[in-house]
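Heads up, the thing below is written out as structure tokens.
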Amino acid sequence: QVQLVESGGGLVQPGGSLRLSCAASVNIGSISAMGWYRQAPGKQRELVAFITNGGTTNYADSVKGRFMISRDNAKNTMYLQMDSLKPEDTAVYYCKATRIFLDYWGQGTQVTVSS
């Protein structure tokens, strides 16, 4: 069983930055892939970025060049650095971990980009 707790969301003006954190209850070295997803009101949940145990990353086209995903195995934590935020980035952000073919989700953290 893997428990995930997100933090770092909030209200930010367009062009601003936020850093999201996802703390895991297990050694994330045992987690093959971790990712960030988001869901805006009335829309489907979508992949924002993921990172594998080997450090391979991938990003949605809409966030390339603005967001950066990383993981700190010593702290059992994954991060999402979000810069140049836009109103369309407003959503609930969720972290996901895949371990031994099972997916685990956090409870989500709200990100609101508005002036």
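The values are calculated or read from the model by the stated rules, or taken from the named source; none is laboratory data. None of the values given here were measured: they were computed from a predicted structure. In this analysis, Cβ positions are derived from the backbone assuming ideal geometry, glycine residues included, and neighbour counts consider all displayed protein chains. Ligands, DNA and RNA are excluded from the accessible area calculation, which covers all protein heavy atoms including side chains. Shrake-Rupley method; radii C 1.70, N 1.55, O 1.52, S 1.80 Å.
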Rounded to 5, the percent of DSSP beta bridges in the chain classed as antiparallel: 95 percent
Ranking by accessible area, most exposed first, for Asp83, Asp103, Asp89 with a 1.4 Å probe: Asp103, Asp83, Asp89
Accessible carbon and sulfur surface of the chain relative to its total accessible area, %, 1.4 Å: 49 percent
Average Cα contact separation per residue, segment 22-113, under 8 Å, 6 or more apart, as relative contact order %: 32 percent
3J(HN,Hα) from dihedral phi, segment 79-85, Karplus parametrisation 6.51/-1.76/1.60, rounded to Hz, x for glycine, proline: 10, 9, 8, 10, 10, 6, 5
Tail beyond 14 Å, pair distance distribution of segment 6-69 (Cα, percent): 67 percent
Amide H partners (placed H, <5 Å) of Arg71, local residues excluded: Tyr79
³J(HN,Hα) computed for each position of segment 99-115 - Karplus, 6.51 cos²θ - 1.76 cosθ + 1.60, integer Hz, glycine/proline x: 9, 6, 6, 10, 9, 10, 10, x, 8, x, 9, 7, 10, 10, 10, 7, 8
Residues of the chain: accessible area per residue with a 1.4 Å probe, Å²: 52 Å²
Once the Cα gyration tensor of segment 52-110 is diagonalised, semi-axes √(5λ) in Å: 21, 15, 11
Solvent exposure ordering (accessible area, 1.4 Å, most first) of Val111, Val26: Val26, Val111
Share of pairwise Cα separations in the chain, more than 16 Å, in percent: 55 percent
Thr112-Ala60 FRET efficiency (beta carbon distance; Förster radius 22 Å; 0.05 resolution): 0.70
